[in-house]
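The values are calculated or read from the model by the stated rules, or taken from the named source; none is laboratory data. For clarity, every value in this text was computed on a predicted model and none was experimentally measured. Counting neighbours? That spans all protein chains shown, and the Cβs are built from the backbone with ideal geometry, glycine included.
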DNA sequence: AAGATTCCGGACAGAGGGTGCATTATCATA
DNA sequence: TATGATAATGCACCCTCTGTCCGGAATCTT
């Protein structure tokens, strides 16, 4: 009996995903209709609804694959990095570089043109990553864990969006440095009088030079 | 000649805005159709299109009024507060209390049910406020001004959303304290070993006790 | 090679979006 | 207060999109 997916079905889904991505790069997600997608993919109407319940389902299906991919990339990156238990933002450098490679796609997904579903899905994926990074570093529960996770994810998306919209030419390492500076030290690091910036208990003063080693 | 808006038009627009707000509280923005709005407002179809180009235009029009209102509230709150030039987050306390008063509306606008347009509009309004607060406090340009503004706005919206979704019972002062702690000091304030928390150059260690004076 | 299964695509009804035109209410003026 | 001018209103129309159904075709198993 055929356990694997039918080749026709696989071909159709692939075509639909490709069409969705292509059209999202052109028109964004919200402005997209199922008609456009099946027209671009050259697929029949009921074929689409046989596979997905709508364009939102198709989008989520795509993110499902991305989720697996990212999870794997994170775990391998973790094994590579020597000090995973001391840096609550270990994910950011990898993510910024990944974003630089697939700038068009990231820009589409995040810059508002991706729609609420896309942004929410990305937030969920990032939340998982950050929660795992955070579980081994933070002990203080003065601020609820969830709040901190959402704070970091929001700051990361903000950085990413600002990068694409305002300074696309900047290297990922620079954006990563700014992101880490704000998230780790907040506004205190450069609001009026500035402190020297050395902290004996943590190594957060070293993220600027760390980036040069990786890049 | 009639310089003021016709009473009929005013009545219609008021009814439409009210209907939009009512229906958004029930079904959210995306799920809303123009048909629903004009049905709720008891207005004819072309009447709607005579005033607005679509439901997005109606939404923006509503935010325009909110923008004016907020701008005014901010300026008066500034005159009241004695030390406007030393606190880059002076807006937050007022906003959190305002959000607590109109919790249902804020929840609708921000919690994803408001749609991308709503969130973007809110971001724009908040950006103006934060930019103005920031212009008198920050001097260092190690990180671009826009980036910092977006960072603060994003963190504020994150805090607001987390508050509504996870801990609706918390008083605004507590959420404000957590928000300020993260934005001003970042994760450093409670990642593993914690410092004493006094800074001679700024007064950012005092926001917890400040809130009790205001509340 | 042939039956069974699954997929594909054109057709159909239902709903919502945006526009034009005749009717009606409101405003300014004598 | 009456009247012409102006502006808002509501109904009807056409178009596009959505979601579903059924006949035809391709694929898999034996």
Would it be correct to say that residue A:67 is in contact with a helix residue (DSSP H, G or I) (Cβ under 7 Å, 6 or more places away or on another chain), at pLDDT below 90, under 28 Å from residue B:115 (Cβ atoms) and assigned to a helix (DSSP H, G or I)? yes
All but one of (1) more than 11 Å from every other protein chain (Cβ to nearest Cβ); (2) part of a helix (DSSP H, G or I) hold for residue B:156; state the number of the condition that does not hold. (1)
For residue B:153, indicate whether it is modelled with pLDDT under 90 and under 11 Å from the mean Cα position of the chain (by Cα). no
Exactly one condition in (1) in contact (Cβ under 8 Å) with a residue 60 or more places away in the chain; (2) under 30 Å from residue A:56 (Cα atoms) is not met by residue A:166; state its number. (1)
For region B:27-70, name all the residues that are within 9 Å of DNA strand C (Cβ to nearest atom), surrounded by 13 or more Cβ atoms within 10 Å (Cβ to Cβ) and within 14 Å of chain A (Cβ to nearest Cβ). B:32, B:55, B:56
Restricted to region B:5-26 and to residues being without any contact (Cβ under 8 Å) to a residue 12 or more places away in the chain and away from DNA strand C (no atom under 12 Å from the Cβ), the residue farthest from the other protein chains (Cβ to nearest Cβ) is B:14
Write out, first by first residue and then by second, each pair whose Cβ atoms fall under 8 Å of each other, whose residues are 6+ apart or on separate chains, and whose first residue, in region B:35-54, is farther than 11 Å from residue B:13 by Cβ and in contact (Cβ under 8 Å) with a residue 12 or more places away in the chain while the second is part of a helix (DSSP H, G or I) and near DNA strand C (Cβ under 9 Å from one of its atoms). B:37/B:48; B:37/B:55; B:38/B:45; B:38/B:47; B:38/B:48; B:54/B:34
Answer from A:179, A:147 - the residue that is in the same structural domain as residue A:113 (by TED's automatic domain parsing) and either surrounded by 23 or more Cβ atoms within 10 Å (Cβ to Cβ) or within 16 Å of residue B:144 (Cβ to Cβ) (or both): A:179
Hey, residue A:204 buried (at least 22 other Cβ atoms within 10 Å of the Cβ), in the same structural domain as residue A:104 (by TED's automatic domain parsing) and at pLDDT below 90 or not: yes
Would you be able to say whether some residue in region B:71-80 is within 23 Å of the chain's Cα centre (by Cα), within 30 Å of residue B:171 (Cα to Cα) and either at pLDDT 90 or above or within 16 Å of DNA strand D (Cβ to nearest atom) (or both)? no
